[in-house]
Structure formats: C-alpha cells, structure tokens
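Each remark here refers to the structure printed beneath this line.
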Amino acid sequence: MYHRVISSGPHGSIDINVAIVGGGIIGVIAALGLQRRGMRVTIYERARTWHKTGVGFAFTSAARDCMKALDPCILDALLRVGEENKHDFNRWWDGFSPKTKAEAESEDNSLLFQVPARDAAYIGCLRSHLQLEMATQLPEGVAQFGKQLESCFDNEGSGKVVLRFVDGETAEADLVIGCDGINSTVRKILLGLDSASAYPGYTHIVAYRTVVPVASVSSALGQDKSNTACMHLGPDAVVVSYPVNKGLLLNISILVHDPNEWPDAEKTTASATRDEVKAVVKDWGPHVRQLVDLLPETLTKWAIFDTGDNPAPTYARGRICIAGDAAHASSPPLGAGACMGVEDALVLAETLTTALKAGATPDKRAAISTALQAYSSVRMERSQWLVQASREAGNIYQWRHPVAGREAAKCEAAYKPLARKVWDFSVDEMIGDARATCQNMLSGAR
C-alpha cells in the first residue's frame with residue numbers, strides 16, 4: 001500500500017560531520033539520506049570491503065516510502081535488484097501434514113491462510129546486491145574500511161566526539177550514529193558495559209539460510225509455489241521462501257526452535273549440514289523434505305539474537321545514538337527488522353534537519369543532542385513493539401503459540417493484527433511527529 005510522503009529534500013548544506021559506525025544496509029541508507037540533506041558523512045566499517053553475504057530480506061511499502069523520502073536513489077537501487085511477489089496473495093501453508101505433493105499443492109487441503117500481496121507489498125532482494133547498488137551512490141572516500149571501533153567519547157575541549165579504533169587511529173565528528181548491528185560496540189558505549197541492555201539475548205531460534213536456483217525447486221514445491229513467496233508452517237520450525245535476483249534464485253530460510261543455550265553471543269554463526277535440517281523435517285510433508293534435499297551439503301546456521309529481554313532504555317545520549325539492529329534487533333518472522341532501521345534513518349534525518357536548520361538554535365552541540373533525543377523518543381515504542389511482535393509471530397509459525405496452536409483460523413487471527421501494524425503505517429505521520437517532537441524539545445530547552 002503506497003502512502004503519500006511529505007517532501008523531504010533536497011536541502012541546503014548543513015555544516016556538520018556525521019560518523020556512522022557500521023557499513024551495513026542501514027548505515028549506507030542513513031549516510032545517503034543525511035548526505036542528501038547537505039551533511040558530511042563518513043562510514044567506518046570494520047570489514048575490509050562491502051559484505052558479500054548472500055542471504056535475502058524484504059521491504060514493505062512503508063519502508064520504501066521512507067527510502068524515497070531519504071533519497072530517491074535508495075528506492076531506485078532496491079527496484080533495480082528487488083523482486084515483488086508474483087502471486088496475488090502471500091500464503092501460509094501447512095508444511096507438516098500433507099502426505100503427498102499433490103495434497104501439499106492443493107489450497108483446499110493445505111492452505112492455512114493468506115493476505116493480499118498488495119497489502120504486504122514486500123519487495124525481496126539479496127543483501128549484498130542492494131548494498132553494492134547503493135554504495136555506488138556514495139562519493140569516493142565516504143566509506144572507510146578496516147575500522148573497528150574501540151571507543152568514542154565527547155571531548156569537551158575540542159567540542160567534537162572522538163572515535164578511537166583498534167588500529168590506533170582516531171577520528172572526530174559532530175555526532176556518532178551506531179549502525180553496527182546486533183553486537184554493537186556503540187550500544188555498549190552508550191548504555192555501559194555493566195548494563196544488561198547493552199547485550200542481546202538468544203531467542204532460541206536458529207536459521208538455516210541459503211539460495212537455490214528457482215528452476216530446481218518446482219519438482220519439490222510445484223511451479224506455483226517455487227515462483228512466489230510462501231511460508232510452510234509446522235511443529236518447532238517454519239520454512240520461508242521467496243524469489244530474489246529478478247526471480248532467478250529462491251531465498252530459503254528455515255527457522256528452527258532450539259531448546260538449548262547458544263554458547264557464544266559474540267559468534268552467532270556456525271557451520272551446519274544438510275543432514276541437520278533433514279532431521280528437523282523428517283516427519284514433515286514430502287514437498288518440504290524434497291526442498292531440503294536441494295540445500296547444499298554444507299551451509300551456515302545463524303543463531304537469532306534480539307533485544308527483547310533487556311531493551312535499551314534510550315537510543316541516544318548526548319551526541320551518540322544507535323539505530324537499526326544496534327538499537328532494537330528483532331527476530332525474522334515478521335520480516336520487518338530492516339524496515340524498522342529504514343524508519344530510524346528517516347527520523348534521524350528529519351530531527352537533525354529540524355534542529356540544525358537556520359535559526360533553530362545558536363548552540364549546535366545542544367541542537368544535535370536534542371535532535372537525537374527526539375529521534376529516540378519517536379522511535380522507541382514502535383521499534384521495541386516489533387521485537388516482541390516478531391517473537392509472537394515466530395511462535396505462531398512454529399505452532400508454539402499458547403492460543404493458536406495448530407489451528408489455521410486461530411493462527412490467522414493471532415498473526416494478522418501484528419502484520420497490520422507493520423504494514424498499515426503512515427510515514428507522513430511519522431515525519432510530522434519527528435519534526436514536532438524535535439521542535440517542542442528545542443523550545444523547551446530555550
């Protein structure tokens with residue numbers, strides 16, 4: 001569903017230097033949005049080059065509206081590499097009960113529920129494809145690689161925030177935005193190493209992810225399902241699949257409940273085998289078992305961590321803030337974690353522009369701090385709601401929900417209100433709220 005978006009640019013020059021820690025999707029999106037508003041931006045990324053991760057993700061129409069408001073080049077990049085659902089509906093199927101592939105492909109026998117694709121309106125792509133496409137819009141030198149943050153602090157003497165990296169080098173900026181992911185160093189600095197909210201918690205979900213050629217999948221799922229977005233639900237697991245790479249590849253993500261503890265929160269990936277996944281679905285329908293047979297013999301599994309047990313009490317202090325997964329990492333089931341990060345980037349762009357526009361306040365440092373507090377205030381409720389809602393959606397998908405269980409009608413009734421809150425979202429209202437909140441805080445500070 002497309003929503004009209006308040007005009008947000010281009011803008012004149014705003015004389016500040018912004019340091020973005022983390023060159024992932026949200027870091028690059030934030031950089032492009034702030035750059036378009038005339039701010040000087042530097043991305044500090046710990047990796048040696050842009051990420052090559054081939055996993056997929058998707059963006060709602062609201063997230064795309066945010067992209068357009070930040071900088072139309074972001075949306076253009078997504079449309080160049082993304083893929084819409086070709087079916088009129090997004091569908092949730094019974095992946096466990098069918099005894100034959102014909103039964104599995106029959107909507108009468110195996111379709112649990114569906115929503116119109118125009119409502120969900122997801123566009124899916126591979127992370128690396130979108131990142132590289134957006135990176136072409138960054139001026140040379142904006143992205144600095146091999147820069148792992150060690151510390152940052154507000155230097156009263158210079159009036160700058162000082163960043164120190166593990167290689168011994170330092171940098172200065174007027175503000176720091178931490179987009180450094182689930183194990184964010186900036187979050188630890190912001191909230192304190194002794195704070196439980198500085199660390200993510202294990203959701204007891206592991207994700208097995210890969211992509212396979214769409215042409216190879218029809219023998220397992222049938223022509224219809226292999227070319228459209230589908231979720232196959234079952235006990236303690238869900239199989240999510242949707243086309244990416246202009247429909248040539250099928251992104252597959254198998255989310256499995258894990259009753260055990262994950263040994264190391266700092267290392268959230270591990271080697272896995274196809275046989276591990278086969279053991280999970282050994283009693284499922286033949287279509288799912290055959291789909292798993294298409295997975296590579298060795299693959300990677302991701303331990304899914306989130307911030308639900310100990311949410312951050314704030315996303316900003318002084319002239320340092322966090323955004324995206326660094327602020328509110330969520331599990332995948334609602335498919336909106338990256339979308340929340342895009343919303344964050346737009347609110348940051350709006351509050352900073354509001355606070356720093358000509359005549360807003362003569363004290364630039366105070367204006368930046370106020371803008372970041374306004375951002376935190378606006379984003380806190382919705383982003384932290386998503387973390388909990390994604391957990392609930394995961395329980396629905398894995399037939400672990402205490403009310404819905406395995407009953408299709410109850411699963412649908414539990415799921416749809418969660419999804420609607422993600423999809424039916426006014427970007428215009430969020431922009432207006434960001435501007436008004438920042439203006440009110442600026443007035444109160446005078």
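GNM, the chain, Cα, under 10 Å: largest mean-square fluctuation among SER271, SER197, SER426?
Of SER271, SER197, SER426, the most mobile in the Gaussian network model is SER271.
How much mean residue ellipticity at 222 nm does the chain get from its helices, if each DSSP H run of length 4 or more adds -39500 (n - 2.57) and you divide by all residues, to the nearest 500 deg cm²/dmol?
Working: 16 runs with 178 residues, N = 446.
Using -39500 (n - 2.57) per qualifying helix, the result is -12000 deg cm²/dmol.
Which lysines does LYS101 reach when only Cα atoms under 20 Å apart count, and residues fewer than 8 places away in its own chain are ignored?
List returned: LYS225, LYS278, LYS282.
In the chain, with Lys and Arg counted as +1 and Asp and Glu as -1 at Cβ, which of these residues, GLN35, SER216, ALA336, has the Cα nearest the positive end of the dipole, that is, farthest along it?
After comparing all options, I get GLN35.
In a GNM of the chain with a 10 Å cut-off on Cα contacts, which of GLY222, GLY157, GLY394 has the highest mean-square fluctuation?
Highest fluctuation among the options: GLY157.
Skipping prolines and chain starts, which residues have an amide H placed within reach, meaning under 5 Å, of the one on ILE20, given they are 5 or more residues away or on another chain?
THR42, ILE43, TYR44, ILE177
Using a simple charge model, +1 on the beta-carbon of Lys and Arg, -1 on the beta-carbon of Asp and Glu, nothing else, what dipole does the chain show about its Cα centre, in debye to the nearest 20? Could you put the intermediate results ahead of the total?
Details: 46 positive and 51 negative charges, 99 e Å.
In total the dipole reaches around 480 debye.
Cut-off under 27 Å on the C-alpha distance; same-chain residues fewer than 8 positions from LYS188 excluded. Which lysines are left, in chain and number order?
Within reach: LYS52, LYS147, LYS160, LYS267, LYS301, LYS364.
Express in whole angstrom the spacing between the alpha-carbon centres of segment 102-176 and segment 336-350.
Taking the Cα centre of each part, segment 102-176 and segment 336-350 sit 10 Å apart.
To the nearest Å, what is the center-to-center distance of segment 369-446 and segment 206-254, using C-alpha atoms only?
27 Å
Running a GNM on the chain with Cα contacts under 10 Å, which residue among ASP325, ASP433, ASP264 ends up with the highest mean-square fluctuation?
ASP264
May I ask you to list the GluC sites (Glu not before Pro) in segment 189-295 that are in a DSSP loop and have at most 16 other Cβ atoms within 10 Å of their Cβ? Walk me through the numbers before you get to the answer.
Working: sites: GLU261, GLU266, GLU276; in loops: GLU261, GLU266.
Filter output for segment 189-295: GLU261, GLU266.
Percentage of Cα-Cα pair distances in segment 11-89 greater than 15 Å, rounded to whole percent?
64 percent
Taking the convex hull of the alpha carbon atoms in the chain, what volume per residue do you get, in Å³? Write down the numbers at each step before the final one.
Values: hull volume 60.6 nm³, N = 446.
Spelled out: Cα convex hull of the chain, divided by residues, is 136 Å³.
Using the heavy atoms of the protein chains alone and a 1.4 angstrom probe, what is the accessible area of the chain per residue in square angstrom? Before the final figure, lay out each step's value.
Numbers: 17460 Å² over 446 residues.
Ligands and nucleic acids excluded, the figure is 39 Å² per residue.
When the accessible area of the chain is split by element with a 1.4 Å probe, what percent falls to carbon and sulfur? Write down the numbers at each step before the final one.
Values: 8590 of 17460 Å².
For the chain, the apolar C and S fraction of the accessible surface comes to 49 percent.
Computed on alpha carbon atoms, what radius of gyration and Dmax characterise segment 180-330, expressed in Å?
Rg, Dmax (Cα atoms, Å): 18.2, 57.
Semi-axes, largest first, in whole Å: what does sqrt of 5 times each Cα gyration tensor eigenvalue give for segment 1-147? Kindly include the intermediate steps, with their values, before the conclusion.
Numbers: eigenvalues 288, 74, 20 Å².
For segment 1-147, the semi-axes come out at 38, 19, 10 Å.
Farthest toward the dipole's positive end in segment 284-384, which of ILE322, GLN373, GLN290, given Cβ charges of +1 (Lys, Arg) and -1 (Asp, Glu) about the Cα centre?
Going by the charge dipole, the pick is GLN373.
Enumerate the whole-percent occupancy of each 10 Å bin, from 0 to the last occupied one, for all C-alpha pair distances of segment 109-197.
All Cα pairs, binned at 10 Å, distribute as 12, 29, 27, 17, 11, 4, 1, 0 percent.
The values are calculated or read from the model by the stated rules, or taken from the named source; none is laboratory data. Values in this document were obtained by computation on a predicted structure and should not be read as measured data. Cβ atoms come from the backbone with ideal geometry, glycine included; neighbour counts cover every protein chain shown. When the accessible area is computed, the model is the full protein with side chains, heavy atoms only, and any ligands, DNA or RNA have been set aside. Shrake-Rupley method; radii C 1.70, N 1.55, O 1.52, S 1.80 Å.
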